[in-house]
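In what follows, a structure is listed as structure tokens, so that the remarks can point back to it.
The values are calculated or read from the model by the stated rules, or taken from the named source; none is laboratory data. These numbers were taken from a predicted model, which means no experiment stands behind them. Virtual Cβ from ideal backbone geometry, glycine too; neighbours counted across all protein chains shown.
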Amino acid sequence: MGLLSKTNLLLLPVLCCFCLNLTVAIDTIRSSQSINDSEYIISKGSVFKLGFFSPENSTNRYLGIWYNNISVFTVIWVANREKPLKDSSGVLTISEDGNLVVLNGQAEILWSSNVSNSVTNSSATLGDFGNLVLRVDTTGLVLWESFQHPSDTIVSRMKLSTSSKKDQRLQLTSWKSPSDPSIGSFSSGIDPPTIPEAFVWKEGRPYWRSGPWNGQVFIGMPNWNPGYYTGFTFIDDTNGTVFETFTGLDMLHLSKIVLDWQGNVVHTYWDDGKEDWEVVHKNPEDECDVYGTCGAFGSCDLLSSPICRCLRGFEPKIIKEWNRGNWTSGCVRRTPLQCERMNNSIEEGKADGFLKLEMIKVPDFAELALDVNIEDCRKQCLENCSCVAYGYYTGIGCLSWSGNLIDLRHFTVGGSDIYIRLANLEFEEERNSRVIIPITVTIGVIAIASTAFFFWRWMAKKKRAMKSKSNESLLFDSLNDVKLQDLPIFDLEELAKATNNFDMANKLGQGGFGPVYRGKLHNGQEIAVKRLCRASGQGLEEFLNEVALITKLQHRNLVRLLGCCIEGEEKMLIYEYMPNKSLDAIVFVVICLLNMQCEGCFQRNQMSLALACYY
């Protein structure tokens, strides 16, 4: 009895293990084992876990792989995406032919690894990079692996591939919604094999692309940070298949790229401090990032309004649609190329040229020319009538484009140069504009300056008129002050006739008041006319002072004021004419005679002047 008890005690751990099956955390499921809904396996380093789960806001059950040691539940792979379990009866096991299968409660196969070569003994192991690998137990031959059948997520050491062979593209497929892992509208992968680019397709049509890979970055992604992709590479297996892979940000492999259900490629890494996923970048970034927003030969620029415009030398294909903001019809060439004119028997004209565009996301459908330098790249394009653009890029080489240029955009930072083929006439128009623009600007400046000058003159004249009006008022007030109501008023026309229209021959002199003219009235009386100078700032004041002074100081030895003339801006005083000049000339002679040092006064010229003044 005691011996039997001891034997039972020895067998108890074995029986417990058999009964618990896989409740102990292990990383492998073998042919004789299975995983029920409540059970799981964990990778050797405890990085990833495989088991059954339900998405947020859903009761359906799926077999999947997710991160094990982070607080945010994050699934990277799903098996039975198209056939969910409606209850918790699901089982993962290895079938008799060696395939991994998911069964429901009725033992119906909902998902299978679908390995065609049947084996008797196989096992599946979950690795620390999140790859579930099915192998032959005896030889270790890999029959199937989850990395070759991705869902919506790529993680470190995972590969996406493309091949020249049909239907051999390894790509991501989006979920239908956050609560539905079934295949959605978007897929993402690499294409074409010759010039690798990352793409997102929406229902099979391009939705976003990265631009060509130059060995370090995708040249259509200026915000690409190589520091986050230290191991991001493309591998050509020489059989027409190109693989894309990256090592991630850190040794814990907590970095992933997800194609979300809205078609965005989102790269994130785990932030331990925030205990959440941090976004490195997301594509498409904006409206210009969406494939072909501006159609053929259209370029997208977020800083422009509208954001789409035709390349120089092109015009909207359907103007009404373009003006309404529907740019998908694109643009067409305004002037045929030289080779097109020759083919259509039109006048040959001058050779085509190339327009350089800078900071550009190069268009789709590039063709690679091997072993060609930058000079030959241009020459080959020019000699090929179907070539509409070319560019030479470090790490890639010579690229050329024929047909329509699709998915162009202008960057504010980064981007690449591309040379667009245009007819020579387009460059002549540019050269003409280089001449016309300066001329137009010069004419414009002259016109503005002239307008400003004439406006200034008009304002000045207006001010003078207002000042004149004010002065006239002041003049009449002053005349009233000196009580000259009886002072004779002469007509301007009469004075003009008397002085022969103020002829210079009749000019007697010039003072601060203005010029003095000799004249003869129609009755034969000789007069002296003092005419107020319009440019004189003191003339009016002197006019008033002289009127007031002479009218108050009438004397037989003083010249007599005969009258005045006030018409418009003309203001004149009319005196009796003095044949012997004015008093200052006589005083000058007297001073010269009385001065003890008057010898200089009797020099020949001054004597003549003195005698002339006196007589």
- request: Keeping to the range 46-101, report how many residues are in contact with a Leu (Cβ under 6 Å, 6 or more places away or on another chain) and not hydrophobic (A, V, I, L, M, F, W, C).
  value: 3
task: Out of PHE129, PHE73, report the one residue that is outside any strand (DSSP E or B) and modelled with pLDDT of 95 or more.
output: PHE73
message: Just to be sure before I move on: is VAL217 buried (at least 18 other Cβ atoms within 10 Å of the Cβ), modelled with pLDDT under 90, more than 29 Å from GLU358 (Cα to Cα) and among the β-branched types (Val, Ile, Thr) in the structure I sent?
response: no
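Please list, ordered by residue number, the strands (runs of 3 or more DSSP E) wholly in the range 348-430 having 2 or more residues that are basic (Lys, Arg). Quick ask: steps written out before the conclusion?
On the way: elements: 353-361, 367-369, 387-393, 397-402, 408-410, 416-422.
Filter on the range 348-430 gives 353-361.
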task: Name every residue in the range 162-203 that is touching a Leu at 6+ places or on another chain (Cβ under 7 Å), in a loop (DSSP other than H, G, I, E, B) and either farther than 24 Å from LYS83 by Cα or at pLDDT 95 or above (or both), in order of residue number.
output: THR194, ILE195
Which numbered condition LYS274 misses (of (1) closer than 24 Å to ARG209 by Cα; (2) in a loop (DSSP other than H, G, I, E, B)): (1)
message: Considering only residues that are touching a Phe, Trp or Tyr at 6+ places or on another chain (Cβ under 8 Å), part of a loop (DSSP other than H, G, I, E, B) and free of Cβ contacts under 8 Å to residues at least 60 places away in the same chain, which ones fall in the range 277-292?
response: none
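Quick check: is even one residue across the range 320-336 on the phi < 0 side of the Ramachandran plot, aliphatic (A, V, I, L, M) and modelled with pLDDT under 95? Spell out the reasoning first.
Of the range 320-336, the ones on the phi < 0 side of the Ramachandran plot are 320-324, 326-329, 331-336.
Then drop every residue that is not aliphatic (A, V, I, L, M), which leaves 332.
Remaining after also requiring modelled with pLDDT under 95: none.
No: zero hits.
Of all the residues that make up the range 564-578, how many are assigned to a strand (DSSP E or B) and of a type in the set (Ser, Thr, Tyr)? I'd like the intermediate steps shown before the answer.
Initially, the range 564-578 is screened for residues assigned to a strand (DSSP E or B), giving 564-567, 570-576.
Now restrict to residues that are of a type in the set (Ser, Thr, Tyr): 575.
Number satisfying all stated conditions: 1.
Residues checked against (1) in the same structural domain as GLY519 (by TED's automatic domain parsing); (2) at pLDDT 85 or above; (3) not hydroxyl-bearing (Ser, Thr, Tyr):
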site: SER468; (1), (2), (3): no, no, no
site: ASN471; (1), (2), (3): no, no, yes
site: LEU474; (1), (2), (3): no, no, yes
site: ASP486; (1), (2), (3): yes, no, yes
site: GLU494; (1), (2), (3): yes, yes, yes
site: ASN500; (1), (2), (3): yes, yes, yes
site: ASP503; (1), (2), (3): yes, yes, yes
- prompt: Can ILE406 be described as in contact (Cβ under 8 Å) with a residue 24 or more places away in the chain and over 24 Å from the mean Cα position of the chain (by Cα)?
  reply: no
task: With the condition kept exactly as written, say whether any residue in the range 232-248 is within 20 Å of SER156 (Cβ to Cβ), more than 30 Å from the chain's Cα centre (by Cα) and modelled with pLDDT of 90 or more.
output: no
field: Meets criteria (within 30 Å of LYS463 (Cα to Cα) and either at pLDDT 80 or above or among the small types (Gly, Ala, Ser) (or both)) for GLY514
entry: yes
field: the range 93-141, residues that are farther than 27 Å from SER46 by Cβ, among the β-branched types (Val, Ile, Thr) and under 57 Å from the mean Cα position of the chain (by Cα)
entry: ILE109, VAL115
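Could you list, in sequence order, all residues of the range 55-88 that are surrounded by 15 or more Cβ atoms within 10 Å (Cβ to Cβ) and of a type in the set (S, T, N, Q)? If you could, list the steps in order and put the result at the bottom.
Of all residues in the range 55-88, those surrounded by 15 or more Cβ atoms within 10 Å (Cβ to Cβ) come to 55, 58, 60-68, 70, 74-81, 83-85.
Those that are surrounded by 15 or more Cβ atoms within 10 Å (Cβ to Cβ) and of a type in the set (S, T, N, Q): SER58, ASN60, ASN68, THR74, ASN80.
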- line: Note on the range 110-132: residues among the β-branched types (Val, Ile, Thr), surrounded by fewer than 20 Cβ atoms within 10 Å (Cβ to Cβ) and more than 14 Å from ILE26 (Cα to Cα) are VAL115, THR120
